[in-house]
Amino acid sequence: MMPDFNKPTMIDTNGIQLAVYEGKPSGDAHPYPLILCHGMPELAYSWRHQFDALVEAGFHVIAPDMRGVGHSDAPPNKEDYKLDIRLNDLRGVLAHFGYEKAIFVGHDFGGAIVWGMGLYYPECVAGLISMNSPFADMPINPVELYEIMYGPKNYFAYFQTKECEDKFNSDPARTFRFYMRKDTGNGTNLSRNKKHDPESMSHVHWIHDNESTWPGEVIPSEKELQYYADSYARHGFVGALNWYRCLPYDFEQQQKTFPDGLPKIKQPVLAIGGELDFIASHVFYDILDDYCTDWEKVVIPECGHWSQQEKPEELNSIMVSWLRKQFM
């Protein structure tokens, strides 16, 4: 059931080609597919532990390498990565497979895609699952807000720089070893003090430290790390970083589209957080009453930010249980 991640299906959408990986049940599939949206620095491959469970639950599962990474096209201009453009990539995925609606699932920055679909294109959305990706209306553009809240060294600010891009690209395998770690008692490179504070939100600068000082344990195997590194070597990290570099444009578009404030998302929403995720802390989901009419929150114990890879069995059980309750 799990696809061959070396053999994507290339589909035309929104003026580019996206690499898509899919799995289908042997019998009739649920009328709503699941579209899995990865974060940064990730790939469709980040969902490798979810495919079998979700297909066995009866769903057509579709996971793209998002615009700019992996086997998908990587347009050259920063403005090619605005949120609305990336949302229309997914509308093209729906159209390609002949669906009008899907259940959108997003992790990390893929969660921004999921929330965006619910706000801008609710007619395409049957339900939403957000993991490690809280949502809130921002009073000013997020890059400015993060500097006010967390100081000039915060990771949003560093992601805007050529220095960051060059550092990530200089050794992709090392970049993934830096990020994809689980807590073994002393935190991880995302948070060494286990707090959501300016120190943790400036974590990216620790990538310049000697690797022997990095806390935690690498999650992917050497073979899996090599897949990530080889995939990102195609285009580098610039496409994924451009998602963050377009945040000011995205905020401006949001202000124009919703001048009176964000509408509530009416479709069912599942918000999943990790107990040990101090960057995208699950406590920030607690304001979702302001933005959703039908939602629930689940926290995975002893799990950090990389929930699909840290606690795959627990995550799969949570997702399948909710999907059966809501849609079957």
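The values are calculated or read from the model by the stated rules, or taken from the named source; none is laboratory data. The structure presented is a predicted model; accordingly, all values stated were derived computationally and were not measured. With ideal geometry, Cβ positions are generated from the backbone for all residues, glycine too; neighbour counts draw on all protein chains shown.
Does T188 qualify as being surrounded by fewer than 17 Cβ atoms within 10 Å (Cβ to Cβ) and of a type in the set (S, T, Y)?
no
Kindly establish whether N154 is in contact with a Phe, Trp or Tyr (Cβ under 7 Å, 6 or more places away or on another chain), among the polar types (S, T, N, Q) and under 27 Å from W47 (Cα atoms). Before the answer, list the steps.
Working: in contact with a Phe, Trp or Tyr (Cβ under 7 Å, 6 or more places away or on another chain): yes; among the polar types (S, T, N, Q): yes; under 27 Å from W47 (Cα atoms): no.
In short, no.
How many of the residues in segment 200-229 are out of contact with any strand residue (DSSP E or B) (no Cβ under 6 Å at 6 or more places or on another chain) and within 21 Å of E165 (Cα to Cα)?
Final tally of qualifying residues: 17.
Assuming V114 fulfils every condition listed in (1) of a type in the set (A, V, I, L, M); (2) part of a helix (DSSP H, G or I); (3) farther than 27 Å from P248 by Cβ apart from one, which condition is it?
Of the numbered conditions (1) of a type in the set (A, V, I, L, M); (2) part of a helix (DSSP H, G or I); (3) farther than 27 Å from P248 by Cβ, the odd one out for V114 is (3).
Quick test for you: out of A136, A126, pick the one residue that is outside any helix (DSSP H, G or I), modelled with pLDDT under 95, surrounded by fewer than 21 Cβ atoms within 10 Å (Cβ to Cβ) and not polar (S, T, N, Q).
The match here is A136.
Of all residues in segment 258-275 being in a loop (DSSP other than H, G, I, E, B) and hydrophobic (A, V, I, L, M, F, W, C), which is surrounded by the most Cβ atoms within 10 Å (Cβ to Cβ)?
Looking only at segment 258-275, we keep the residues that are in a loop (DSSP other than H, G, I, E, B), and these are 258-264, 266-268, 275.
Then drop every residue that is not hydrophobic (A, V, I, L, M, F, W, C), which leaves 258, 262.
Values: F258: 13, L262: 17.
Among those that are in a loop (DSSP other than H, G, I, E, B) and hydrophobic (A, V, I, L, M, F, W, C), it is L262.
Take the residues in segment 1-47 that are among the hydrophobic types (A, V, I, L, M, F, W, C) and over 25 Å from S307 (Cα atoms); name whichever of them is modelled with the lowest pLDDT.
So the residue we want is A29.
Return the residues of segment 70-102 that are outside any helix (DSSP H, G or I), among the hydrophobic types (A, V, I, L, M, F, W, C) and under 26 Å from A126 (Cβ atoms); say none if nothing qualifies.
Within segment 70-102, the first condition is being outside any helix (DSSP H, G or I), and the residues that meet it are 70-77, 82, 98-102.
From the residues that got through so far, the ones that are among the hydrophobic types (A, V, I, L, M, F, W, C) too are 74, 102.
Scanning segment 70-102 gives a single hit, A102.
For every residue, the table says whether it meets (1) modelled with pLDDT of 95 or more; (2) hydroxyl-bearing (S, T, Y); (3) more than 17 Å from E275 (Cα to Cα); (4) surrounded by 17 or more Cβ atoms within 10 Å (Cβ to Cβ).
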position	(1), (2), (3), (4)
F159	yes, no, yes, yes
E163	yes, no, yes, no
D166	yes, no, yes, no
H196	yes, no, no, yes
D230	yes, no, yes, no
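When you check I62 against the structure, is it crowded, with 24+ Cβ neighbours inside 10 Å and either modelled with pLDDT under 95 or within 21 Å of M117 (Cβ to Cβ) (or both), yes or no? Walk me through how you get there before you give the answer.
Values: crowded, with 24+ Cβ neighbours inside 10 Å: yes; either modelled with pLDDT under 95 or within 21 Å of M117 (Cβ to Cβ) (or both): yes.
Criteria met by I62.
Collect the residues in segment 316-325 that are farther than 14 Å from H107 by Cα and under 18 Å from the mean Cα position of the chain (by Cα), keeping them in residue-number order.
Hit for segment 316-325 is I318, nothing else.
Look through E302, E313, E296 and report the one residue that is more than 29 Å from R67 (Cβ to Cβ) and either under 18 Å from the mean Cα position of the chain (by Cα) or part of a strand (DSSP E or B) (or both).
Of the residues listed, the single one that is more than 29 Å from R67 (Cβ to Cβ) and either under 18 Å from the mean Cα position of the chain (by Cα) or part of a strand (DSSP E or B) (or both) is E296.
Would you mind stating whether E144 is acidic (D, E) and surrounded by 15 or more Cβ atoms within 10 Å (Cβ to Cβ)? Quick ask: steps written out before the conclusion?
Values: acidic (D, E): yes; surrounded by 15 or more Cβ atoms within 10 Å (Cβ to Cβ): yes.
So E144 passes the test.
What's the total number of residues in segment 154-179 that are assigned to a helix (DSSP H, G or I), in contact (Cβ under 8 Å) with a residue 24 or more places away in the chain and not hydrophobic (A, V, I, L, M, F, W, C)?
10
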